Every structure is written in C-alpha cells, then in structure tokens.
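The values are calculated or read from the model by the stated rules, or taken from the named source; none is laboratory data. This is a predicted model, so every value here is computed, not measured. With ideal geometry, Cβ positions are generated from the backbone for all residues, glycine too; neighbour counts draw on all protein chains shown.
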Amino acid sequence: MIWKLERAQTFDEGSDPSWNAMRRGDWHRSLAMLEEARDTIAADLPARARLRRLRVVQWPLTPYLQWELHLLALRARLGEQGRVADSAEVSALETRAPLPELVIFPGVRMYHVLYDARGACTGARRIDDGAVVESWTSVVASLYEEAHDLSDYVERRILPLPPPRPGPALPQPLPRLHPALP
C-alpha cells in the first residue's frame with residue numbers, strides 16, 4: 001500500500017492540455033479532454049494500483065481543485081482508490097502549518113513533496129526515519145478512514161458547481177519544510 005496526502009489547493013500542471021483549457025476558460029473542452037485522455041490515464045494506473053489518495057479540499061474551491069476533482073473522479077472510475085477530507089476536518093492537525101504533501105511507503109520511507117511559488121513540483125525530501133514514517137502512516141490512514149468517498153463527494157459537491165472562472169490562480173504558500181517533519 002502506498003499513501004498519498006494532497007493538501008495544497010493549487011498546482012501548476014505545466015503543459016497538461018485539459019488544465020490549460022480550463023485556465024483559458026474553456027471548461028467544457030477541458031472536461032472533454034479528460035475523457036479523451038481516459039486510455040492514457042488508465043495506462044498510468046497499474047503502477048498506482050495499491051495507491052490510496054487522500055485529497056484535502058478547502059472552500060471556497062480554487063479553479064484548479066475544481067478541475068482536479070473531475071480528474072480524480074475519472075481516476076476513481078478507472079480503479080484508483082481515493083477519498084476526500086474537508087479542510088475543517090483536518091484543522092486540528094494544522095495548528096502550526098497546513099498538512100504536508102506526502103507520498104508514504106509504510107514501513108520503508110516517505111517523501112515530503114516540495115513545490116515552488118507557482119505550485120510546480122521541485123522535488124521531494126526523502127525521509128527514512130522509521131518512527132516518523134510510522135507516525136505519518138498512522139495519521140494519513142486514520143484520516144483516510146474518516147474521509148468521504150471521492151466519487152460520492154464529487155457527485156454531491158462538485159458536479160453541481162458552475163464552471164470556474166478562467167485565469168491564473170495563485171497558489172497558497174506552502175511551507176518549504178513542514179515543522180512536524182525532521
């Protein structure tokens with residue numbers, strides 16, 4: 001099992017055609033492009049078959065996150081396991097900083113994924129301390145169990161929304177290193 005914790009509300013998806021269509025204001029084309037990419041997305045899933053993704057959602061929703069939740073719903077329809085936690089449901093864990101972006105290989109290691117000011121990935125910090133890995137595995141697994149089914153969440157909360165407004169959304173600043181990590 002691999003755990004992925006996603007907390008930031010805006011990322012830079014580079015040259016992704018669907019994301020860029022959304023940014024230009026062509027919402028319907030953006031969603032159509034996600035469906036057109038179904039085979040490519042499905043081909044990416046076998047390597048992620050044991051991945052459990054926990055996506056934290058903060059309201060008001062950013063245009064990026066509205067788009068990404070459609071992508072994650074497609075990934076769920078193709079077999080990826082995902083759940084959603086509202087930011088209010090994790091707020092007790094965020095007294096010093098937002099939860100970090102993590103990829104956890106339980107019992108082995110984890111990566112604290114790092115981003116620049118635009119929300120583009122700049123790399124990851126490898127953490128091999130077994131106690132830290134075990135602690136964060138427990139936190140993410142517990143949050144995952146309490147979280148909402150991703151597909152149900154998208155159907156109830158996201159599908160009824162109007163298209164997002166086009167334009168660049170500035171990412172929320174993320175701490176370079178989360179204070180709870182060594």
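Return a yes/no flag: does the range 3-21 have any residue that is closer than 28 Å to Ala141 by Cα, assigned to a helix (DSSP H, G or I), of a type in the set (Asp, Glu) and out of contact with any helix residue (DSSP H, G or I) (no Cβ under 6 Å at 6 or more places or on another chain). Walk me through it before giving the result.
Initial filter on the range 3-21 (closer than 28 Å to Ala141 by Cα): 3-13.
Imposing the further condition that a residue be assigned to a helix (DSSP H, G or I) reduces the set to none.
No, the range 3-21 contains no residue that is closer than 28 Å to Ala141 by Cα, assigned to a helix (DSSP H, G or I), of a type in the set (Asp, Glu) and out of contact with any helix residue (DSSP H, G or I) (no Cβ under 6 Å at 6 or more places or on another chain).
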Please specify each residue of the range 39-81 satisfying the condition of being within 12 Å of the chain's Cα centre (by Cα) and either without any contact (Cβ under 8 Å) to a residue 12 or more places away in the chain or farther than 23 Å from Pro164 by Cα (or both). Arg52, Arg53
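Considering the range 119-169 alone, what residues qualify as being in contact with a Gly (Cβ under 6 Å, 6 or more places away or on another chain) and either of a type in the set (Val, Ile, Thr) or at pLDDT below 95 (or both)?
Within the range 119-169, Pro166 is the sole residue that qualifies.
Within the range 27-55, count every residue that is part of a loop (DSSP other than H, G, I, E, B) and at pLDDT 95 or above.
Of the residues in the range 27-55, the ones part of a loop (DSSP other than H, G, I, E, B) are 37, 45, 49-50.
Subsequent filtering for residues that are at pLDDT 95 or above retains 37.
Number of matching residues: 1.
May I ask you to say which residue of Glu134, Glu89 is over 12 Å from the mean Cα position of the chain (by Cα) and without any contact (Cβ under 8 Å) to a residue 40 or more places away in the chain?
On the way: Glu89 fails: without any contact (Cβ under 8 Å) to a residue 40 or more places away in the chain.
After ruling out the rest, the residue left standing is Glu134.
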By residue number, the members of the range 83-104 that are among the acidic types (Asp, Glu) and part of a loop (DSSP other than H, G, I, E, B) are Glu94, Glu101
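Based on this model, can you work out whether Val139 counts as touching a residue at least 24 places away in the same chain (Cβ under 8 Å), farther than 30 Å from Met22 by Cβ and either β-branched (Val, Ile, Thr) or buried (at least 16 other Cβ atoms within 10 Å of the Cβ) (or both)?
Values: touching a residue at least 24 places away in the same chain (Cβ under 8 Å): yes; farther than 30 Å from Met22 by Cβ: yes; either β-branched (Val, Ile, Thr) or buried (at least 16 other Cβ atoms within 10 Å of the Cβ) (or both): yes.
So Val139 fits the description; yes.
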Please enumerate the residues belonging to the range 66-92 that are surrounded by 15 or more Cβ atoms within 10 Å (Cβ to Cβ), farther than 30 Å from Ala42 by Cα and hydrophobic (A, V, I, L, M, F, W, C). Val90
Identify all residues within the range 56-110 that are more than 30 Å from Arg29 (Cα to Cα), of a type in the set (Ser, Thr, Tyr) and modelled with pLDDT of 95 or more; write none if there are none. Ser91
Taking only pairs six or more apart or across chains, which ones have beta-carbon atoms under 6 Å, a first residue in the range 99-116 that is within 18 Å of Gly130 (Cβ to Cβ), and a second residue that is part of a loop (DSSP other than H, G, I, E, B) and charged (D, E, K, R)? Arg109/Asp128
Please determine, by comparing only the residues of the range 117-131 that are touching a residue at least 12 places away in the same chain (Cβ under 8 Å) and among the aliphatic types (A, V, I, L, M), which one is farthest from Glu68 (Cα to Cα). Ile127
Kindly indicate whether any position in the range 114-132 is buried (at least 16 other Cβ atoms within 10 Å of the Cβ) and closer than 16 Å to Met1 by Cβ. no
